[in-house]
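Worksheet for the structure shown next.
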Amino acid sequence: MANKIVIDGSSLTLEQIEYFLQENPDIIISKESISRIKKSRALVEKWVDSDESIYGVTTGFGEFSNVRISKENIRQLQENLILSHAVGCGENLPPFIVKIMMLLRLNALARGYSGVRLETLELLINMIKQNIIPVVPSQGSVGSSGDLVQLSHLVLAMIGKGRVQLIKNIMDEDSSSSKIIPAKTGLKKFALSPIVLEAKEGLALINGTQMMTSFAAYISIRAQKLNKLADLSASLTHEALRSTDKAFDLKIHELRPFPGQITTAKNVLALIKDSQIRKSHLRGDVRVQDAYSIRCVPQIHGASRDAIDYVCSRVKIEINSVNDNPIIFPETEEHIEGGNFHGQSMALAMDFMSIALSELANVSERRTERMVNGALSGLPRFLTNNGGLNSGLMIAQYTAASLVSENKVLSHPASVDSIPTSANQEDHNSMGSIAAQKCFRIMHNLENVLAIELMTAAQAIEFLKPFKPGKGTSVAYNEIRKVVKPLNGDRLLYEDVKKVAALIKNNSLLNAVEKLVKLN
């Protein structure tokens with residue numbers, strides 16, 4: 001990619017969003033989109049001049065949709081909408097999630113069906129480029145009419161009445177603690193002026209699913225990598241437990257041809273290829289088959305992989321959708337009131353993703369237990385010498401167990417809940433924002449559970465030397481040993497888990513392995 005992303009409202013990808021976060025490229029609206037934006041804006045102004053009744057333009061909002069607004073009050077109507085709807089609470093959203101929100105809202109409006117002015121979108125582009133990130137509270141959305149509360153806080157900064165953070169590196173974990181300043185001050189620093197909202201603009205900017213979809217997009221990007229890392233983690237454990245590779249024979253999986261199952265089996269076989277550990281146990285091994293947490297890795301990880309792929313396909317649709325209301329059709333000079341802001345698609349997708357990621361953590365913890373349990377592994381209890389004096393990795397498994405139990409609670413679907421709002425005018429809400437934020441927490445828990453399994457498997461490998469792991473698992477072992485030494489006696493393990501988790505979060509472990517073994 002050149003150092004730019006062209007926005008047209010219909011071709012944004014997850015790969016571009018990842019690139020957007022990493023490289024802060026220039027954002028350019030396509031010529032075709034600019035033409036459509038101008039046409040829909042001209043139509044809105046024509047309707048305002050003719051005093052046509054249009055929801056949220058010449059009427060109030062929600063239950064107040066039957067109240068007509070005079071032409072001289074239209075600007076005040078749009079500003080009041082933002083002021084009255086910015087009622088968030090709780091911790092602030094991570095700045096990188098807010099930045100994705102800004103990109104996704106821009107992309108939706110660039111389709112040219114919303115009636116906003118080009119200069120409004122140009123301010124948004126300038127804020128994105130300079131990392132002028134609005135401060136947005138995380139709580140308050142019921143998932144329709146979209147994420148009204150959070151998007152209102154975003155627009156509050158655009159009109160100079162909110163707060164912002166100026167951030168150099170959007171993915172810096174410490175960026176959330178950067179100084180918060182008034183939006184006017186932040187804009188002025190880059191010679192930018194707040195906008196005055198014109199007819200329909202406030203409504204167009206906040207009526208959408210961009211908070212939940214920003215979480216969904218980021219989680220989807222990470223989930224595709226975490227599924228590969230789960231295969232890698234399982235493969236290193238496979239080595240540590242001297243397991244059989246018979247259960248990964250593709251002849252088995254081709255008889256039950258779920259794509260994810262076949263892919264997982266191929267990944268594991270590729271990772272353990274040429275394993276000295278496996279070859280050393282081919283003879284004299286009395287076990288006919290392994291426990292489910294090893295033997296059924298293709299079936300378990302594969303099902304999560306298929307679920308992740310499905311969710312990604314839904315997210316790709318949503319990030320390129322028009323989801324405000326009313327929608328403007330310049331070709332036919334229509335405005336149609338509808339419900340594209342409803343977050344049910346993302347709510348269900350995020351609940352499904354939560355389950356898929358939780359299951360990867362569940363089975364990972366079971367594999368960790370098998371390694372530290374001497375009665376099951378044939379290795380020293382808790383993978384330590386001088387056990388009793390040393391506790392080894394006993395409590396690392398406790399931590400993994402705690403995280404997977406937390407995930408089970410968090411996996412309860414948010415989408416099955418609803419509560420009416422706006423005097424029962426909005427009588428079904430998706431709770432997609434809650435589903436997405438729960439899934440985000442599950443994702444982080446999974447990263448730590450996998451870190452514990454990888455750390456445990458690397459320690460188990462110490463007791464199998466001089467035999468070496470396979471082609472890909474050797475790379476994983478060596479990368480872990482670059483940051484964590486073998487456990488020869490009890491020490492503070494908190495730092496070890498944190499270091500291995502960093503290898504997962506920054507993609508360095510996966511990147512190192514994929515230089516030698518390409519995973520699918």
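Among the residues that make up the stretch 325-347, is at least one of them within 30 Å of Ser402 (Cα to Cα), buried (at least 17 other Cβ atoms within 10 Å of the Cβ) and out of contact with any Cys (no Cβ under 9 Å at 6 or more places or on another chain)? Yes; the residues of the stretch 325-347 include at least one that is within 30 Å of Ser402 (Cα to Cα), buried (at least 17 other Cβ atoms within 10 Å of the Cβ) and out of contact with any Cys (no Cβ under 9 Å at 6 or more places or on another chain). Restricting attention to the stretch 310-342, report how many residues are of a type in the set (D, E, K, R) and out of contact with any helix residue (DSSP H, G or I) (no Cβ under 7 Å at 6 or more places or on another chain). The qualifying residues number 3. Whether a residue is in contact (Cβ under 8 Å) with a residue 40 or more places away in the chain and touching a Phe, Trp or Tyr at 6+ places or on another chain (Cβ under 7 Å) was assessed, and Thr237 does not pass this test. Scanning the stretch 239-260 for residues being assigned to a helix (DSSP H, G or I) and in contact with a Lys or Arg (Cβ under 8 Å, 6 or more places away or on another chain) gives a total of 5. Within the bounds of the stretch 117-129, is there any residue that is polar (S, T, N, Q), part of a loop (DSSP other than H, G, I, E, B), out of contact with any strand residue (DSSP E or B) (no Cβ under 6 Å at 6 or more places or on another chain) and at pLDDT 95 or above? So far as the stretch 117-129 goes, no, none of its residues is polar (S, T, N, Q), part of a loop (DSSP other than H, G, I, E, B), out of contact with any strand residue (DSSP E or B) (no Cβ under 6 Å at 6 or more places or on another chain) and at pLDDT 95 or above. Looking across Ser145, Ser141, one residue alone is part of a loop (DSSP other than H, G, I, E, B), buried (at least 24 other Cβ atoms within 10 Å of the Cβ), touching a strand residue (DSSP E or B) at 6+ places or on another chain (Cβ under 8 Å) and not basic (Lys, Arg). It is Ser145.
Criterion first (of a type outside the set (S, T, N, Q), surrounded by 13 or more Cβ atoms within 10 Å (Cβ to Cβ) and touching a residue at least 24 places away in the same chain (Cβ under 8 Å)) does Leu516 satisfy it? So Leu516 does not fit the description; no. Residues of the stretch 1-58 that are surrounded by 14 or more Cβ atoms within 10 Å (Cβ to Cβ) and among the basic types (Lys, Arg): Arg36, Lys38, Lys39, Arg41. Look through the stretch 217-254, keep the residues that are touching a Cys at 6+ places or on another chain (Cβ under 8 Å) and not polar (S, T, N, Q), and return whichever of them is farthest from Thr456 (Cα to Cα). Among those residues, the one meeting the criterion is Ile219.
Every residue, every condition in (1) in a loop (DSSP other than H, G, I, E, B); (2) polar (S, T, N, Q), yes or no:
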site: Glu331; (1), (2): yes, no
site: Asn340; (1), (2): yes, yes
site: Met353; (1), (2): no, no
site: Arg366; (1), (2): no, no
site: Arg370; (1), (2): no, no
site: Leu376; (1), (2): no, no
site: Leu379; (1), (2): yes, no
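Scanning the stretch 475-498 for residues that are closer than 14 Å to Ala396 by Cα, surrounded by 13 or more Cβ atoms within 10 Å (Cβ to Cβ) and at pLDDT 95 or above turns up Leu487, Leu493, Asp496, Val497, Lys498. Tell me whether the stretch 71-84 contains one or more residues that are in a helix (DSSP H, G or I) and within 16 Å of Gly338 (Cα to Cα). Checking the stretch 71-84: not a single residue is in a helix (DSSP H, G or I) and within 16 Å of Gly338 (Cα to Cα).
Answer yes or no: is there a residue in the stretch 379-399 that is of a type outside the set (Phe, Trp, Tyr), closer than 17 Å to Glu239 by Cα and in contact with a Leu (Cβ under 8 Å, 6 or more places away or on another chain). Checked against the condition, which is being of a type outside the set (Phe, Trp, Tyr), closer than 17 Å to Glu239 by Cα and in contact with a Leu (Cβ under 8 Å, 6 or more places away or on another chain), the stretch 379-399 yields at least one hit.
For the stretch 244-262, the criterion of being under 23 Å from Arg314 (Cα atoms), surrounded by fewer than 24 Cβ atoms within 10 Å (Cβ to Cβ), touching a residue at least 12 places away in the same chain (Cβ under 8 Å) and among the aliphatic types (A, V, I, L, M) is satisfied by at least one residue.
The values are calculated or read from the model by the stated rules, or taken from the named source; none is laboratory data. Note that the structure is a prediction, hence the values are computed from the model and not measured. We place every Cβ from the backbone using ideal geometry, glycine too, and count neighbours over all the protein chains shown.
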